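Notes follow once the structure below has been shown.
The values are calculated or read from the model by the stated rules, or taken from the named source; none is laboratory data. Please read these numbers as outputs of a predicted model, since none were measured by experiment. We place every Cβ from the backbone using ideal geometry, glycine too, and count neighbours over all the protein chains shown.
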Amino acid sequence: MDPDRFRTIVEAFGADPERWPEAERTAAQAFLASSPQAQQLLAAEQDLDALLDTVPAPAIADQSAGILARLPVAEPALIERLTDWLIPERMSFATFFRPALAAALPLLAGIYLGPMINLTDTETVNYWDEEVYLLTLEDSTEVQMP
């Protein structure tokens, strides 16, 4: 263990050897026992640790409540809004008919859009019209009567 590494360990983890890394703890303690410079550094760090222990820790719970209060409220998803509209928590006379209205909307759309859709084949219709016309033009005088 060299003095620079010992200084790094003590400055990073404090004067308590229990907080030092386990892999280097025994080497650091042996270096501390043999080096007066390391003992002076540890004494200075113990004073700093004692000073830091006198500072009260901030109340995290109070801060987290304030942070949570400032968060924006998420809007419910579309499916949740539709479900709440269809089946409200408190049923009244006006909200009683919402499910019936939702069921009737596709029917009303079909009644409105149905006449706009042409399902007949125009070529087939024109074909039969032409066939009937040609039949009327046929000369019926050639037909012999019995």
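Assorted remarks:
- Boolean, Arg98 is of a type in the set (Lys, Arg) and either closer than 30 Å to Glu18 by Cα or modelled with pLDDT under 80 (or both): yes
- Residues of the stretch 64-82 include none that is touching a residue at least 12 places away in the same chain (Cβ under 8 Å), at negative phi and surrounded by 12 or more Cβ atoms within 10 Å (Cβ to Cβ).
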